[in-house]
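Everything on this sheet refers to the single structure shown next.
The values are calculated or read from the model by the stated rules, or taken from the named source; none is laboratory data. Just so it is clear, the structure is predicted and the values come from calculations on it, not from any experiment. Neighbour counts are summed over all protein chains in view; Cβ atoms, including those assigned to glycine, are modelled from backbone coordinates with ideal geometry.
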Amino acid sequence: MKHKKTIKEYKNFIKNKNMIIGIMFLFVLLLAFAALSTGTSDMNGFDVLKTFFGGGTKKSQIILFGMRLPRILTAIFVGSALAIAGAVMQSALRNPLASASTLGVLQGSAFGAAVGIIVFGAGIQSSASIDSAVVINNPYIVTFCAFIGGFIPTFIILTVSRIKSFGPEALILAGVALSTLFNAGLTLLQYFASDVQLAAVVFWTFGDIGRTSKNEVIMIAVFTIAALVYFMFNRWNYNAINSGINTAKSLGVDVDKTILISMAVCSLISAFGVAFVGIISFVGVIAPHVMKFFIGNDYRYLLPASALCGALILLAADIFGRLIVAPVILPIGAVTSLLGAPVFLYLVFKGVKK
């Protein structure tokens, strides 16, 4: 009888976790629809549904499929990528504050983008007029340089950690040091840049999920989904590592290999995401901890829940940035920092759930 009661309690325990994930998925759908219905045009929710299912005017189709839908899908997949990368980094490094921003990935991407804009001349003025806009004339050079720049910090940290064993705290401090180094390099590049190049660098670092094309959205989605599948295959390994390195090894987990490959994949999807949209901070730290509060540390459920939470955060930030001073659209990187910094401080001072 006691055995049956234990089984029933466990089933209810699992059911509650699945229900939370289902609720998060529903929230993402609702917020995505709200974001699709938000903008400077007069399209409301009914117009969005009508256009989505083949009706609507030519103008509404261009607005929905050419502008809003790629933006919303970018928010969903980039937010998911940063969130699951943060969740896995926190397990791999056994540090609750590990993320792409604390390990220097974002700062490295910013430095790489600046190299593409300033050194390779990818930032120009759209016309000779003094009031004309500054544009990125070769976004793929900037994206490639940002991706390489974002991958370098993790490569350095992992290489050094394999040569000399470091604890989780030392790895985070190494990430902070590399962040400072890349920020210094970015400052020096900006110092020697022209006005147009400087404006282009600032424009890129603001963070903008509206700059991606349909093909770029597909690439981001493929990378994010592939990474999530890989992480889910290793979910038991992350649970074991969370219990301690010795415990994981006793359970047959190849800890060094798991950490090395997982960190490489985390850096890959983080750098790839921000390479297209610019710097977006705090999502990788906040999303996993929010879901740990509701769902616990079990990576079977934490990974999909964190992905949904990351998508939810970026969607909410995008709607906030488009509405607060409409018709001006605030940079999403600034919005996530404004919303995320207080939560980050709360985690630091109150103690994060380990």
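Restricting the search to the stretch 197-209, which residues are in a helix (DSSP H, G or I) and more than 16 Å from Val115 (Cβ to Cβ)? Write out each step before concluding.
Residues of the stretch 197-209 that are in a helix (DSSP H, G or I), as a first pass: 197-206, 209.
If the condition is that a residue be in a helix (DSSP H, G or I) and more than 16 Å from Val115 (Cβ to Cβ), then Ala199, Phe206, Ile209 are the ones that fit.
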Exactly one of Ser101, Ser80 is at pLDDT 80 or above, of a type in the set (S, T, N, Q) and not in a helix (DSSP H, G or I), and that one is Ser101
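Per-residue answers, yes or no, for (1) outside any helix (DSSP H, G or I); (2) over 20 Å from Phe203 (Cα atoms); (3) over 11 Å from the mean Cα position of the chain (by Cα):
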{"site": "Val274", "(1), (2), (3)": "no, no, no"}
{"site": "Ile279", "(1), (2), (3)": "yes, no, no"}
{"site": "Val290", "(1), (2), (3)": "no, yes, yes"}
{"site": "Phe294", "(1), (2), (3)": "no, yes, yes"}
{"site": "Tyr301", "(1), (2), (3)": "no, yes, yes"}
{"site": "Ile313", "(1), (2), (3)": "no, yes, no"}
{"site": "Ala316", "(1), (2), (3)": "no, yes, yes"}
{"site": "Ile319", "(1), (2), (3)": "no, no, yes"}
{"site": "Ala326", "(1), (2), (3)": "yes, no, yes"}
Filter the stretch 237-259 for residues that are loosely packed, with under 15 Cβ neighbours inside 10 Å and among the hydrophobic types (A, V, I, L, M, F, W, C); the one that is nearest to Ser99 (Cα to Cα) is Ile245
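Just for the stretch 165-196: of the residues that are part of a loop (DSSP other than H, G, I, E, B) and without any contact (Cβ under 8 Å) to a residue 12 or more places away in the chain, which one is surrounded by the fewest Cβ atoms within 10 Å (Cβ to Cβ)? Give the steps one after another, and end with the answer.
First pass over the stretch 165-196, keeping only residues part of a loop (DSSP other than H, G, I, E, B): 165-167, 192-194.
Now drop any that are not without any contact (Cβ under 8 Å) to a residue 12 or more places away in the chain, which leaves 165-167, 194.
Numbers: Ser165: 7, Phe166: 16, Gly167: 12, Ser194: 12.
Here the answer is Ser165.
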Within the stretch 223-230, is even one residue in a helix (DSSP H, G or I), under 19 Å from Asn138 (Cβ atoms) and of a type outside the set (Phe, Trp, Tyr)? no
The condition of being of a type in the set (S, T, N, Q), surrounded by 16 or more Cβ atoms within 10 Å (Cβ to Cβ) and modelled with pLDDT of 90 or more holds, among Ser306, Ser270, Ser281, only for Ser306
The condition of being over 20 Å from Gly278 (Cβ atoms), in a loop (DSSP other than H, G, I, E, B) and among the hydroxyl-bearing types (Ser, Thr, Tyr) holds, among Ser41, Ser60, only for Ser41
By residue number, the members of the stretch 318-345 that are farther than 16 Å from Val290 by Cα, small (Gly, Ala, Ser) and crowded, with 19+ Cβ neighbours inside 10 Å are Gly321, Gly333
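Only one residue in Met67, Met43 is surrounded by 19 or more Cβ atoms within 10 Å (Cβ to Cβ) and either free of Cβ contacts under 8 Å to residues at least 12 places away in the same chain or of a type outside the set (Lys, Arg) (or both). Which one?
On the way: Met67 fails: surrounded by 19 or more Cβ atoms within 10 Å (Cβ to Cβ).
Unique residue meeting the criteria: Met43.
Can you work out which of the residues in the stretch 284-303 that are among the small types (Gly, Ala, Ser) and at pLDDT below 90 is surrounded by the most Cβ atoms within 10 Å (Cβ to Cβ)? Full working, then the answer.
Going residue by residue through the stretch 284-303, those that are among the small types (Gly, Ala, Ser) are 284, 287, 296.
Of the ones still in play, those that are also at pLDDT below 90 are 284, 296.
Details: Gly284: 32, Gly296: 15.
My answer is Gly284.
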Expected output for the stretch 235-254 (first residue more than 19 Å from Tyr301 (Cα to Cα), partner surrounded by fewer than 18 Cβ atoms within 10 Å (Cβ to Cβ) and of a type in the set (Phe, Trp, Tyr), Cβ below 9 Å, 6+ apart or cross-chain) is Leu251/Trp236; Val253/Trp236
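Is it fair to say Ala146 is at pLDDT 85 or above, surrounded by 16 or more Cβ atoms within 10 Å (Cβ to Cβ) and within 19 Å of the chain's Cα centre (by Cα)? Steps first, answer last, please.
Values: at pLDDT 85 or above: yes; surrounded by 16 or more Cβ atoms within 10 Å (Cβ to Cβ): yes; within 19 Å of the chain's Cα centre (by Cα): yes.
So Ala146 fits the description; yes.
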